[in-house]
Amino acid sequence: MHLRQRLTYCLPLLLCAVTLPAVTQVLAEDRSFYSPVIYIDKEQSQILISTSASVFYIEVPDAAKPHIEKLPLSGLVDFVVEMRGDDKRPLIKTWKVKSGESTCMYFDGKECK
(Lines give C-alpha, C1' and ligand atoms only; values in the text may rest on other atoms or scores of the structure.)
Protein backbone atom coordinates (compact mmCIF):
# COMPACT_ATOMS: atom_id res chain seq x y z
CA MET A 1 0.00 0.00 0.00
CA HIS A 2 2.81 2.43 0.81
CA LEU A 3 4.40 1.82 -2.59
CA ARG A 4 1.16 2.68 -4.35
CA GLN A 5 0.83 5.87 -2.32
CA ARG A 6 4.42 6.90 -3.14
CA LEU A 7 3.82 6.28 -6.83
CA THR A 8 0.71 8.43 -6.70
CA TYR A 9 2.74 11.36 -5.39
CA CYS A 10 5.96 10.75 -7.33
CA LEU A 11 4.49 10.10 -10.76
CA PRO A 12 3.34 13.71 -11.38
CA LEU A 13 6.73 15.02 -10.24
CA LEU A 14 8.50 12.60 -12.54
CA LEU A 15 6.32 13.63 -15.48
CA CYS A 16 7.06 17.31 -14.81
CA ALA A 17 10.78 16.64 -14.61
CA VAL A 18 10.72 14.80 -17.93
CA THR A 19 8.48 17.21 -19.88
CA LEU A 20 9.79 20.57 -18.58
CA PRO A 21 13.08 20.45 -20.56
CA ALA A 22 11.11 19.64 -23.72
CA VAL A 23 8.81 22.62 -23.18
CA THR A 24 11.80 24.91 -22.57
CA GLN A 25 13.40 23.77 -25.82
CA VAL A 26 10.22 24.51 -27.77
CA LEU A 27 10.05 28.04 -26.37
CA ALA A 28 13.63 28.80 -27.41
CA GLU A 29 13.44 27.34 -30.92
CA ASP A 30 14.36 29.19 -34.09
CA ARG A 31 11.74 29.71 -36.78
CA SER A 32 11.85 31.10 -40.26
CA PHE A 33 9.27 33.53 -41.62
CA TYR A 34 9.19 34.40 -45.31
CA SER A 35 7.25 37.64 -45.22
CA PRO A 36 6.82 41.09 -46.69
CA VAL A 37 8.03 43.97 -44.53
CA ILE A 38 4.80 45.78 -43.67
CA TYR A 39 6.07 48.47 -41.30
CA ILE A 40 9.34 49.37 -39.59
CA ASP A 41 8.95 50.97 -36.15
CA LYS A 42 12.36 52.51 -35.48
CA GLU A 43 11.38 53.96 -32.10
CA GLN A 44 10.25 50.60 -30.69
CA SER A 45 12.89 48.61 -32.64
CA GLN A 46 10.39 46.24 -34.21
CA ILE A 47 9.24 45.17 -37.66
CA LEU A 48 5.68 44.27 -38.59
CA ILE A 49 5.49 41.12 -40.74
CA SER A 50 2.78 38.69 -41.78
CA THR A 51 2.26 35.01 -42.33
CA SER A 52 -0.72 33.31 -43.88
CA ALA A 53 -2.34 33.14 -40.45
CA SER A 54 -1.46 36.42 -38.71
CA VAL A 55 0.26 39.80 -38.62
CA PHE A 56 2.74 40.42 -35.81
CA TYR A 57 5.85 42.32 -34.74
CA ILE A 58 9.34 40.86 -34.46
CA GLU A 59 11.96 42.52 -32.28
CA VAL A 60 15.17 43.96 -33.71
CA PRO A 61 18.37 43.21 -31.74
CA ASP A 62 20.87 45.98 -31.00
CA ALA A 63 23.28 44.82 -33.72
CA ALA A 64 20.57 45.15 -36.39
CA LYS A 65 19.15 48.53 -35.34
CA PRO A 66 21.45 50.60 -37.61
CA HIS A 67 20.37 48.47 -40.58
CA ILE A 68 16.56 48.21 -40.27
CA GLU A 69 16.00 51.30 -42.41
CA LYS A 70 17.75 49.45 -45.24
CA LEU A 71 14.99 46.85 -45.46
CA PRO A 72 12.61 47.44 -48.38
CA LEU A 73 9.00 48.12 -47.39
CA SER A 74 6.79 45.53 -49.10
CA GLY A 75 9.92 43.58 -50.03
CA LEU A 76 9.98 39.87 -49.28
CA VAL A 77 12.45 38.89 -46.57
CA ASP A 78 13.33 35.54 -45.05
CA PHE A 79 13.63 36.26 -41.31
CA VAL A 80 15.10 33.71 -38.90
CA VAL A 81 13.93 34.52 -35.39
CA GLU A 82 14.29 33.10 -31.91
CA MET A 83 10.90 32.25 -30.44
CA ARG A 84 10.97 33.42 -26.82
CA GLY A 85 7.54 32.48 -25.53
CA ASP A 86 4.15 34.19 -25.43
CA ASP A 87 5.22 37.16 -23.33
CA LYS A 88 8.08 38.30 -25.62
CA ARG A 89 8.22 39.08 -29.31
CA PRO A 90 10.33 36.85 -31.55
CA LEU A 91 13.90 38.20 -31.81
CA ILE A 92 15.57 38.52 -35.22
CA LYS A 93 18.70 36.41 -35.63
CA THR A 94 19.26 36.80 -39.39
CA TRP A 95 17.54 38.04 -42.52
CA LYS A 96 17.89 37.60 -46.27
CA VAL A 97 16.16 40.01 -48.62
CA LYS A 98 14.55 37.95 -51.39
CA SER A 99 12.83 40.72 -53.36
CA GLY A 100 13.26 44.47 -53.35
CA GLU A 101 16.35 46.63 -53.29
CA SER A 102 18.48 47.00 -50.19
CA THR A 103 22.02 47.88 -49.20
CA CYS A 104 21.71 45.15 -46.57
CA MET A 105 20.62 42.06 -48.47
CA TYR A 106 21.90 39.70 -45.76
CA PHE A 107 22.20 40.33 -42.02
CA ASP A 108 24.08 37.53 -40.25
CA GLY A 109 23.29 38.57 -36.69
CA LYS A 110 26.28 40.89 -36.42
CA GLU A 111 26.68 42.81 -39.66
CA CYS A 112 25.26 43.41 -43.12
CA LYS A 113 26.69 41.73 -46.17
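Below, the figures for the structure above:
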{"item": "Subset of segment 68-96 (residues that are within 13 Å of Ile49 (Cα to Cα) and in a strand (DSSP E or B))", "result": "Leu76, Val77, Asp78, Phe79, Val80, Val81, Leu91, Ile92, Trp95"}
{"item": "Those residues of segment 48-60 which are modelled with pLDDT of 95 or more and loosely packed, with under 15 Cβ neighbours inside 10 Å, in sequence order", "result": "Ser50, Val55"}
{"item": "Residue satisfying condition, being on the phi > 0 side of the Ramachandran plot, touching a strand residue (DSSP E or B) at 6+ places or on another chain (Cβ under 9 Å) and not basic (Lys, Arg), within set Ser45, Ser50", "result": "Ser45"}
{"item": "Contacts under 8 angstrom Cβ, first residue in segment 70-86 being free of Cβ contacts under 8 Å to residues at least 40 places away in the same chain and surrounded by fewer than 15 Cβ atoms within 10 Å (Cβ to Cβ), partner among the aromatic types (Phe, Trp, Tyr) and assigned to a strand (DSSP E or B), 6 or more apart", "result": "Leu73/Tyr39"}
{"item": "Hey, Thr8 surrounded by fewer than 16 Cβ atoms within 10 Å (Cβ to Cβ), modelled with pLDDT of 85 or more and either farther than 26 Å from Lys113 by Cβ or under 20 Å from the mean Cα position of the chain (by Cα) (or both) or not", "result": "no"}
{"item": "Residue within segment 22-35 that is under 20 Å from the mean Cα position of the chain (by Cα), among the hydrophobic types (A, V, I, L, M, F, W, C) and at pLDDT 90 or above present", "result": "yes"}
{"item": "Tally, over segment 30-67, of residues that are closer than 15 Å to Gly109 by Cβ and assigned to a loop (DSSP other than H, G, I, E, B)", "result": "2"}
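The values are calculated or read from the model by the stated rules, or taken from the named source; none is laboratory data. Owing to the predicted nature of the structure, the values given are computational and were not obtained by experimental measurement. In this analysis, Cβ positions are derived from the backbone assuming ideal geometry, glycine residues included, and neighbour counts consider all displayed protein chains.
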